[in-house]
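Laboratory data are not the source of any read-out in this text; all were calculated from the coordinates shown. The model shown is predicted, which means the values in this text are computed figures rather than measured ones. Please note: Cβ atoms are built from the backbone with ideal geometry, for glycine as well, and neighbour counts cover all protein chains shown.
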Amino acid sequence: MPNLRPYAPKDWPQFLALELETQLDSLGDSTEQERATLRERFPALLDVKMGFSRNGFRRPGAELWVLEGDAGEYLGHLWLSMRDDARHGTPTLQVTTMGIVRDGRGKNYGRLLMQKAEQAAKEKGIEVIALEVAGNNRRARDMFKDLGYETIRRTMHKRLRNP
Ligand SMILES: CC(C)(COP(=O)(O)OP(=O)(O)OC[C@H]1O[C@@H](n2cnc3c(N)ncnc32)[C@H](O)[C@@H]1OP(=O)(O)O)[C@@H](O)C(=O)NCCC(=O)NCCS
């Protein structure tokens with residue numbers, strides 16, 4: 001049975017690889033240049049915007065959980081952030097990101113991570129969990145919908161090079 005434990009610096013390569021893959025997939029119809037730029041800037045983006053680097057978080061208010069297999073292998077992660085977000089009118093637990101490594105998908109591990117998010121929210125007395133998901137990420141959207149998440153906002157963009 002896989003188990004959840006807090007992030008440790010040794011997880012950095014696997015965390016970064018899975019997260020970068022998720023971000024690249026969300027770019028959809030993008031050029032190789034755009035993808036290369038994201039690849040190159042991603043660690044700095046995490047550092048400056050999210051206060052997260054190899055050694056963990058620089059500020060309180062966030063948790064990163066790692067799903068580990070029986071042999072200690074990295075199966076996925078769940079990043080939770082506590083927010084007092086006026087848009088929800090109540091303190092909110094944000095699933096900043098989550099993911100399961102490619103080989104581990106389809107085994108209910110994604111659902112397991114989201115159970116952990118619900119458990120964490122209950123323990124903190126938080127009644128709302130919020131997350132953002134890329135419009136092209138059908139698999140994740142199906143999972144969240146099935147778990148009872150509703151779409152409350154859509155972010156849209158248009159690439160002007162493809163009118
Ligand atoms: C989205 C993701 C976390 C799902 O994890 P998973 O462990 O494969 O999911 P589970 O096995 O728990 O399945 C949950 C649901 O996902 C969907 N799903 C699972 N396997 C699928 C497949 N092969 N094809 C389509 N949908 C599938 C189904 O809705 C499934 O529900 P079901 O169990 O009733 O069939 C995983 O695909 C992933 O890590 N993707 C890349 C990262 C990502 O997209 N993160 C979300 C960004 S916020």
The stretch 76-134, residues that are in contact with a helix residue (DSSP H, G or I) (Cβ under 7 Å, 6 or more places away or on another chain) and either polar (S, T, N, Q) or farther than 24 Å from residue 23 by Cβ (or both): 97
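Within the stretch 54-62, identify whether any single residue is closer than 25 Å to residue 11 by Cα and within 16 Å of the ligand (Cβ to nearest atom), and answer yes or no. Spell out how you get there, then give the answer.
Step one: list which residues in the stretch 54-62 are closer than 25 Å to residue 11 by Cα, which gives 54-62.
Restricting the remaining residues to those that are within 16 Å of the ligand (Cβ to nearest atom) gives 62.
Among the residues of the stretch 54-62, at least one is closer than 25 Å to residue 11 by Cα and within 16 Å of the ligand (Cβ to nearest atom), which makes the answer yes.
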Counting only residues that are closer than 14 Å to residue 155 by Cα and more than 8 Å from the ligand (Cβ to nearest atom), the stretch 123-140 contains a total of 2
From the option list 76, 72, 135, single residue qualifying as surrounded by 12 or more Cβ atoms within 10 Å (Cβ to Cβ) and within 15 Å of residue 4 (Cβ to Cβ) is 76
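Pick out the one residue from 106, 28 that is farther than 19 Å from residue 6 by Cα, within 16 Å of the ligand (Cβ to nearest atom), exposed (fewer than 13 other Cβ atoms within 10 Å of the Cβ) and touching a residue at least 60 places away in the same chain (Cβ under 8 Å). Talk me through it step by step, then tell me what you get.
Details: 106 fails: touching a residue at least 60 places away in the same chain (Cβ under 8 Å).
Testing whether each residue is farther than 19 Å from residue 6 by Cα, within 16 Å of the ligand (Cβ to nearest atom), exposed (fewer than 13 other Cβ atoms within 10 Å of the Cβ) and touching a residue at least 60 places away in the same chain (Cβ under 8 Å) leaves just 28.
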